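Undergrad: Attaching a single structure in structure tokens format; questions to follow.
The values are calculated or read from the model by the stated rules, or taken from the named source; none is laboratory data. Keep in mind that this is a model prediction, so the values were computed, not measured. Here the Cβ positions follow ideal geometry from the backbone for every residue, glycine too, while neighbour counts run over all protein chains shown. Heads up: the accessible areas ignore ligands, DNA and RNA and are worked out on the full protein's heavy atoms, side chains in. Shrake-Rupley method; radii C 1.70, N 1.55, O 1.52, S 1.80 Å.
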Amino acid sequence: MDSKKTSLRNNIQADVDQIDDVTEKLELLTDALIHGSDTNEVLSYIGFSRCDEIIFKAQLLLQTITNKDDVKITFQSFKGITEYLSSLEMLGEVICEGGEKPLPGPDLVFEVEKHVLHNVKVADDKNTCYITGICRLAKREFLLSDGENSKLKLLNSSYQVMSTSNVPDWPEDVCSTGEREAAVAVDGGKGRHEILLVRIKAGKIEQMNTIKLQHRCGGLAHHGGQLYVTTNTALHMYDMAGGQGRQLYSDETGKYTFTRCAVSPDGSRIYITNATHHKLITLNKDGTTLSTLTHPELQFPSSPHVTAHGHVFVTCHRRNTVVQVTEKNNQQTVTTLAGGKNGLTSPRSLCFYSNDSLLVGQWDNDNIVELKLK
């Protein structure tokens, strides 16, 4: 079925390409006729004749496309297949060899096996990189937000910068919203509070839409078609069009009580870093506090990150550490995962991938750090 759908899409795209080609030629000839009709009658006549030919071809093309029958794809199962499958105890055995390692439960405490530095500075960067956010896209590509250079940077699986895109002001954070799409929090000192919606197409970063907000845009997270936005002192939730906004939680007792946020895979938990009071706060999806964690290793926490299997990591950029938070029998434990000896200097952003690797973005540093875990 996928093969048939691909073939149909290719046929449709071929029609679209032909229409685009005809349209472009007509626009060029029309422009030439408008600007050259008073200077050369012979050229104008040739242009008019050429337009007439193209219009005739366009009419034939439209007629051909219009006369095409609608296509309906259905699946017809073989007779008796349901009874046959019902008679089986199992369909077979799944054997996985190579590829990503299977991931243990969320209570496993990781250790760093080694670390590797990857330089993400590009030629036209005017300043040292401030990697404020990292998210993973399809095909093991990564999208980075570089605050100091006001750029988005697309990395390939080898952590090489494939393309960049300038943003209008300081990008605070980035999160994936689809396989090839992401949201970027942009916040400047001149009243700019925006969320940019971008996509990756043909290896390039394209900006699709802008959501303007009336409050600061700091941290970003996405789950189930909802965007979660922190303002440093509050947490707001919006749909993907920027509508149906509501405040889930607020804390005005300090300057950075709601720094960044992350959402669990099932959407039941929201993790918030409170840098002012050195806390990790866990909310339910309605904004009710489930737990508040303080710990000597949890000093000035900045960015939480939750893996697809529920592992929780937090950057503490003033201590130059990344910690892991585990929970068992309603008791939370904090373990320092990596620090200065692993190449960390003011870690700010996190992205877990391949079930055994953690990418760390840093402030005032041209290198991101790849932590290989075990």
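Undergrad: Convex hull volume of the Cα atoms in region 115-175, per residue, in Å³?
TA: Each residue corresponds to 88 Å³ of Cα convex hull volume.
Undergrad: Checking the a/c ratio against 1.5 first, then a/b against b/c, what shape does the Cα gyration tensor give for region 242-313? Please list the in-between numbers first.
TA: Details: a/c = 1.85, a/b = 1.13, b/c = 1.63.
Since a/c reaches 1.5 but b/c is at least a/b, the shape of region 242-313 is classed as oblate.
Undergrad: Find the relative contact order for region 232-374 and round it to a whole percent, using C-alpha pairs within less than 8 Å whose residues are 6+ positions apart. Write down the numbers at each step before the final one.
TA: Working: 343 pairs, mean separation 18.5, N = 143.
Contact order relative to length: 13 percent.
Undergrad: Probe 1.4 Å, all protein chains in place: accessible area of Glu27 in Å², nearest 10?
TA: Accessible area, nearest 10 Å²: 120 Å².
Undergrad: Please list, by residue number, every one of the chymotrypsin sites (Phe, Trp or Tyr not before Pro) in region 65-96 that is coil in DSSP and has at most 12 other beta-carbon atoms within 10 Å.
TA: Phe75, Phe78
Undergrad: If you count only protein heavy atoms with a 1.4 Å probe, what accessible area per residue comes out for the chain, rounded to a whole Å²?
TA: With all protein chains present, the chain gives 55 Å² per residue.
Undergrad: Treating the angle as unsigned and between 0 and 90°, give the value, to the nearest 10°, between the Cα long axis of helix 41-66 and the longest Cα principal axis of the chain.
TA: 60 degrees
Undergrad: OK, next. To the nearest µm²/s, what D does Stokes-Einstein give for region 100-210 at 37 °C and 0.692 mPa s, using the Kirkwood radius over alpha carbon pairs as Rh?
TA: Here the translational diffusion coefficient equals 219 µm²/s.
Undergrad: Please report Rg (one decimal) and Dmax (integer) in Å for the Cα set of region 297-374.
TA: 11.9, 41
Undergrad: Under a 1.4 angstrom probe, counting protein chains only, how are Arg199, Arg318 ranked by accessible area, largest first?
TA: I get Arg318, Arg199, largest accessible area first.
Undergrad: Measure off, as a whole percent, the carbon and sulfur share of the 1.4 Å-probe accessible area of the chain, all protein chains present.
TA: Carbon with sulfur: 49 percent of the solvent-accessible area.
Undergrad: Quick check: net charge around Gln18, other residues with Cβ under 12 Å of its Cβ, Lys/Arg +1 and Asp/Glu -1?
TA: Computed value for this residue: -3.
Undergrad: Suppose only helical runs count, i.e. DSSP H with n ≥ 4. What mean residue ellipticity at 222 nm does that imply for the chain under -39500 (n - 2.57) per run, divided by all residues and rounded to the nearest 500 deg cm²/dmol? Please list the in-between numbers first.
TA: Details: 3 runs with 67 residues, N = 374.
Theoretical 222 nm ellipticity from helices: -6500 deg cm²/dmol.
Undergrad: For region 190-335, state what percent of all Cα-Cα pairs lands in each successive 10 Å bin, counting from 0 Å until the bin that includes the largest distance.
TA: Binned Cα distances yield the sequence 11, 40, 34, 13, 2.
Undergrad: Could you work out the per residue convex hull volume over the alpha carbons of region 107-150, in cubic angstrom? Don't skip to the answer; put the middle values down first.
TA: Values: hull volume 6.1 nm³, N = 44.
With only Cα atoms used, region 107-150 gives 138 Å³ per residue.
Undergrad: Can I ask one more? Heavy atoms only, 1.4 Å probe, whole protein assembly: order Leu293, Leu85 by accessible area, highest first.
TA: Leu85, Leu293
Undergrad: What's the angle, to the nearest 10 degrees (0 to 90), between helix 2-36's Cα axis and the longest principal axis of the chain?
TA: So the inclination is approximately 60 degrees.
Undergrad: Quick check on region 32-183: what are the equivalent-ellipsoid semi-axes from the Cα gyration tensor, as sqrt(5λ), descending, whole Å?
TA: Whole-Å semi-axes of the equivalent ellipsoid: 50, 39, 12.
Undergrad: Just want to confirm a number: the relative contact order over region 126-261, from Cα pairs under 8 angstrom separated by 6+ residues, in percent.
TA: Numbers: 365 pairs, mean separation 19.6, N = 136.
Reported as a whole number, the value is 14 percent.
Undergrad: Quick one: accessible surface of Ile65, probe radius 1.4 Å, all protein chains present, in square angstrom to the nearest 10.
TA: 50 Å²
Undergrad: Could I ask something else about it? Jot down the per residue volume, in cubic angstrom and as a whole number, of the convex hull over the alpha-carbon atoms of region 182-222.
TA: Numbers: hull volume 3.1 nm³, N = 41.
So the per-residue Cα hull volume is 77 Å³.
Undergrad: Let me ask something additional. For region 190-257 and region 135-170, what is the separation of their Cα centres, given in Å?
TA: 18 Å
Undergrad: May I ask you to derive the relative contact order of the chain, considering only C-alpha pairs under 8 Å and at least 6 residues apart, and to give it as an integer percent?
TA: Numbers: 814 pairs, mean separation 49.6, N = 374.
That works out to 13 percent.
Undergrad: Let me test this: with uniform point scatterers at the alpha carbons of the chain, what is the Debye-based log₁₀ I(q)/I(0) at q = 0.08, 0.12 1/Å?
TA: Results for the chain at q = 0.08, 0.12 Å⁻¹ read -0.56, -0.94.
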